[in-house]
Amino acid sequence: MSTGGSVAAVDLGATSGRVVVGHVDADGVRTEQVARFPNGPVTRTEGGRDTLHWDVEELSRQMTLGLREAFHRHPAIASIGIDSWAVDYGLLRDGRLLGPPVHYRDDRHERGVGIVHARMGPAELYARNGLQQLPFNTLFQLAADPARGRADRALLVPDLLGFRLTGVEAAERTNASTTGLLSATTRGWDPALLAAASLPAELLPTLRDPGDRLGPLLPSVAAAIGAGTGPHGAAVTLVGSHDTASAVVAVPATAPDFAYISSGTWSLVGVELDAPVLTDAARAANCTNEGGVDGRVRFLKNVSGLWLLSESVRTWEQDGSTIDLEALLASAAAVTTAVPVFDPADASFTPPGDMPARIAAWCTARGLAAPVARAEVVRSILESLAAAYADTLRTVSTVTGTDVRQVHVVGGGSQNRLLCQLTADRTGLPVLAGPVEATALGNVLVQARAVGLAGLRGASLEALRALVARTVDPVRYLPKRESPAHPSATRHRMSA
C-alpha cells in the first residue's frame, strides 16, 4: 500500500486563480495555498468594437510562478492537475494561439444562437447534448467566432494550459460536456452538433477522462518550475477540469440523498445521477446534464451567484469607499424591512457594470420598491439567490424524481453565513456548508487516486468523499420555523 504524498492543483476561477499543494494520507487530505493571483476580463478593441477577453498569457505566467513555489516547498510533488471555469477556449494554429480567449460574458456570442438554431432547433439540440441553453455555450461561441476558419485546434482553457505544460493536446471529458458539442448519451463528439456550428471534426482534440495521465512536463517547463524529469518526475494528470466537476468530488456526503450548490461567481445547483435525463420536462425546465468524474452526471442548473455581490462591491468601491464585507453582511442580516426578491437569471445582470443600479431598474420596471441602502441591496441579493436555489432544487427534484433530504453548499459561498441560513429557510432543508476549497480538494483527490497516494488507487467516488468527510466539519444550518424579518418567505420541501 502506498504511503501519503503531495500533488499540485492549479485552480482557476472567474475572479482569481491559485496554486495549491494537496497533502494526502490515510487520515485525510489537507491543502496548502502557495500562490494566489487576480483574474478577470480584459477589454480590447477589435474591428471597431470592444471585446472582453481573458489574459491567458498572464494566467500562464502566474501558473508557472505558483508551480515554481510549490516545487520549491515540496520537491517530491508527484502530479499536477488543472481546473477552471467552463465553455471558454483558445484557437490555435500550428500550436500557436491565434488570440486571447474571448470571455463568456461578451455579447458577441449571442448571434451564435441564431446561427445554430437555423440548422438545429432547441429540441434536437437538447436531445443530443442535454444542455441548458445559455448563449455562451461553446457551441454558440464557436459558431459566432470569425477566427475559427483559421484555426486547426480549439482547446478549452484548462486543456490549453495543460498543453503548455506538456505539449499534449486533449479534451478532458467533464469540461468537454459543457461545450454543447458532446453527445449526452455516447459522451463522444457529436458530428451533427459539429455540423450545426459548421465546425470540422479535426478542430477538436481527442477526449480523455479524469485520472488519465496527460503527459510528462516539457523539459523547458520542468526547468522553469524546478521539477524533476524522467520516469519519476512529475506529470500532468487530468482531473475534473470543469471546476464544478472537481468541487462535486469533494462534497462530504455520507448518504446518496443530497443535492449540492457549488457557490462562487456562479452557483451550480443540482444532484448527481448515473445517467442523463433528456425528457421534455428537463428541457422545459432548462436543466443541464454535465459530465462528472467516474462517468457520473451532474444534473443541474446554472444560477447566477456571488457575482451579483462582488460586482456591487466593486461599484461601491469606485467612489473611493472601502467596503468591509463582513460588516456589510452583518448589516444585511440585521435588515428588518422587507426587501424585493428579483430574478438573478435576468440577462441584465450578466455583463459587468453597476449592479445596484440594475437591480433598482429591474424592481422599478415591475412596480417594486427598489432597495436603497447598501445593506438592503445585499439582503435583496442574498434573498433572491436563496429563492432561486429553492426553486431550482424543487424543479430538479421533480424532474429527476430525486428525494433530496439535505443540501451541501461548497465553495466560497459556504462562508456566507447569511446566504446559507436563507437557503435553509427557503428550501426547508438542512444545509451543510463547506468545504470552502472543494474544487481544489476534488482536483487533489482525483490526482491522488491516479498516482496511488495513501492507498487510494481504484477507490470509489464515495471513498474519496468519505476521506473529505473525515477531514472537514461542515457548518450545519437548520431551517427556522419563521423568519422575523421575512415571515412570508416561501419555503419548499424537496421531499414529501
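The values are calculated or read from the model by the stated rules, or taken from the named source; none is laboratory data. Remember, predicted model here, so these are calculated numbers, not experimental data. Cβ atoms come from the backbone with ideal geometry, glycine included; neighbour counts cover every protein chain shown. When the accessible area is computed, the model is the full protein with side chains, heavy atoms only, and any ligands, DNA or RNA have been set aside. Shrake-Rupley method; radii C 1.70, N 1.55, O 1.52, S 1.80 Å.
Taking N as the number of residues in the range 54-172, what is its Cα Rg relative to 2.2 N^0.38 Å?
Values: Rg = 16.8 Å, N = 119, 2.2 N^0.38 = 13.5 Å.
Taking the Cα Rg and dividing by 2.2 N^0.38 Å, one obtains 1.24.
If I take R0 = 41 Å and measure r between the Cβ atoms of ALA118 and ARG30 in this structure, what FRET efficiency does the formula 1/(1 + (r/R0)^6) give, to the nearest 0.05? Could the numbers behind the result be given before it?
Numbers: r = 52 Å, r/R0 = 1.26.
Once the sixth-power term is evaluated, E becomes 0.20.
Rounded to whole Å, give me the distance from the Cα center of the range 264-281 to that of the range 191-206.
Rounded to whole Å, the Cα centres lie 25 Å apart.
For GLY428, what residues show an amide H to amide H distance below 5 Å, using hydrogens built from the backbone and excluding near sequence neighbours?
For GLY428, the qualifying residues are HIS492.
Could you tally the net charge around HIS117, taking each other residue with its Cβ under 13 Å from the Cβ of HIS117, Lys/Arg +1 and Asp/Glu -1? Kindly include the intermediate steps, with their values, before the conclusion.
Working: positive: ARG111, ARG119; negative: GLU110, GLU124.
Summing Lys/Arg as +1 and Asp/Glu as -1 gives 0.
Extension gain ALA147-THR398, at 0.36 nm per residue separation less the Cα-Cα distance, in nm?
Details: separation 251, 0.36 × 251 = 90.36 nm, distance 4.21 nm.
That pair, ALA147 and THR398, stretches by 86.1 nm at full extension.
If packing is taken as the average count of other Cβ atoms within 10 Å, what order do 363-376, 118-131 fall into, highest mean first? Walk me through the numbers on the way to the answer.
On the way: 363-376: 14.9, 118-131: 18.1.
Peptide ranking by packing, descending: 118-131, 363-376.
Only residues of the range 381-414 count here: report those whose backbone N is under 18 Å from the spot 7 Å along Cα→Cβ of THR337, or say none.
381-384
Could you tell me which of ALA438, ALA197, PHE140 has its Cα farthest along the dipole of the chain towards the positive end, charges placed at Cβ (Lys, Arg +1; Asp, Glu -1), taken about the Cα centre?
Farthest towards the positive pole: ALA438.
Residues of the range 271-314 with backbone nitrogen within less than 19 Å of a virtual label 7 Å along the Cα-to-Cβ line of ALA127, please, listed as ranges.
Within reach of a label on ALA127: 276-289.
Output the peptides 186-194, 133-141 sorted from most to least packed, where packing is the average of other Cβ atoms within 10 Å over each peptide's residues.
Numbers: 186-194: 15.9, 133-141: 23.6.
Most protected by this proxy first, the peptides run 133-141, 186-194.
Where both partners of a DSSP beta bridge lie in the chain, what percent of those bridges are antiparallel, to the nearest 5? List each step's numbers first, then the result.
Values: 54 of 71 bridges.
The antiparallel fraction comes to roughly 75 percent.
Fully extended, how many nm does the chain gain between ALA195 and ASP346 (0.36 nm per residue separation, minus their Cα-Cα distance)? Display every interim value, and only then the final one.
Working: separation 151, 0.36 × 151 = 54.36 nm, distance 3.03 nm.
Gain on extension, ALA195 to ASP346, equals 51.3 nm.
Using each residue's phi in the range 288-293, evaluate 6.51 cos²θ - 1.76 cosθ + 1.60 at θ = phi - 60° and report the 3J(HN,Hα) Karplus result to the nearest Hz, with x for Gly and Pro.
10, 10, 10, x, x, 5
Quick check: with the 1.4 Å probe, what order do ASP27, ASP159 take by accessible area, largest first? Walk me through the numbers on the way to the answer.
Values: ASP27 125, ASP159 10 Å².
I get ASP27, ASP159, largest accessible area first.
Roughly how many Å² of THR43 are accessible to a 1.4 Å probe, to the nearest 10?
We get 80 Å² for THR43.
Around LEU218, which amide H atoms from residues at least 5 apart in sequence, or from another chain, sit under 5 Å from its own amide H, with H modelled in the peptide plane?
THR166
In terms of the Cα gyration tensor, with a ≥ b ≥ c the square roots of its eigenvalues, is the chain rounded because a/c is under 1.5, prolate because a/b exceeds b/c, or oblate? Numbers along the way, then the final one.
Details: a/c = 1.44, a/b = 1.22, b/c = 1.18.
Note, shape of the chain comes out rounded.
LYS480 accessible area, nearest 10 Å², 1.4 Å probe?
Answer for LYS480: close to 100 Å² accessible.
For the range 379-465, with every protein chain kept in place, what is the accessible area per residue (1.4 Å probe, Å²)? Present the calculation step by step, with values, prior to reporting the outcome.
Details: 2120 Å² over 87 residues.
I get 24 Å² per residue for this part.
Ignoring everything except DSSP H segments at least 4 long, calculate the 222 nm mean residue ellipticity for the chain; use -39,500 (n - 2.57) per segment, divide by total residues, nearest 500. Mind showing how you got there, number by number?
Numbers: 17 runs with 173 residues, N = 496.
Mean residue ellipticity, 222 nm, calculated: -10500 deg cm²/dmol.
Give the carbon-plus-sulfur fraction of the accessible surface of the chain in %, rounded to a whole number; probe 1.4 Å, heavy atoms of protein chains only. Spell out each step's value before the answer.
Working: 9890 of 19120 Å².
Its accessible area is 52 percent carbon and sulfur atoms.
What number, in percent, do you get for the relative contact order of the chain if the mean sequence gap of Cα pairs under 8 Å and at least 6 apart is divided by its residue count?
Working: 1099 pairs, mean separation 84.3, N = 496.
Normalised by residue count, the contact order of the chain is 17 percent.
If you place +1 on the Cβ of every Lys and Arg, -1 on the Cβ of every Asp and Glu, and leave all else neutral, what size is the dipole of the chain about its Cα centre, to the nearest 20 Debye?
On the way: 45 positive and 50 negative charges, 76 e Å.
With Lys and Arg at +1 and Asp and Glu at -1, about 360 debye.
Averaged per residue, what accessible area in Å² does the range 211-337 show with a 1.4 Å probe, protein chains only?
Details: 4820 Å² over 127 residues.
Using a 1.4 Å probe on heavy atoms only, each residue of the range 211-337 averages 38 Å².
Roughly speaking, what is the stretch gain from ASP274 to LEU218, that is 0.36 nm per residue apart minus the C-alpha to C-alpha distance, in nm to one decimal? Walk me through the intermediate numbers first.
On the way: separation 56, 0.36 × 56 = 20.16 nm, distance 3.70 nm.
Gain on stretching ASP274 to LEU218: 16.5 nm.
Around VAL377, what is the net charge, scoring Lys/Arg as +1 and Asp/Glu as -1 over all other residues with Cβ under 12 Å from its Cβ?
Charge balance near VAL377 sits at -1.
Among 219-225, 335-341, what's the highest-first ranking by average C-beta atoms within 10 angstrom per residue?
By packing density, highest mean first, the sequence is 335-341, 219-225.
Can you tell me the FRET efficiency between GLU46 and THR322 if r is taken as the Cβ-Cβ distance and R0 is 60 Å, rounded to the nearest 0.05?
Working: r = 35 Å, r/R0 = 0.59.
Here the calculated transfer efficiency is 0.95.
Can you check what the net charge comes to around GLU169, using other residues whose Cβ is under 14 Å from the Cβ of GLU169 (Lys, Arg +1; Asp, Glu -1)?
-1
Can you grab the distance from the C-alpha centre of the range 311-357 to the C-alpha centre of the range 1-45, Å, no decimals?
29
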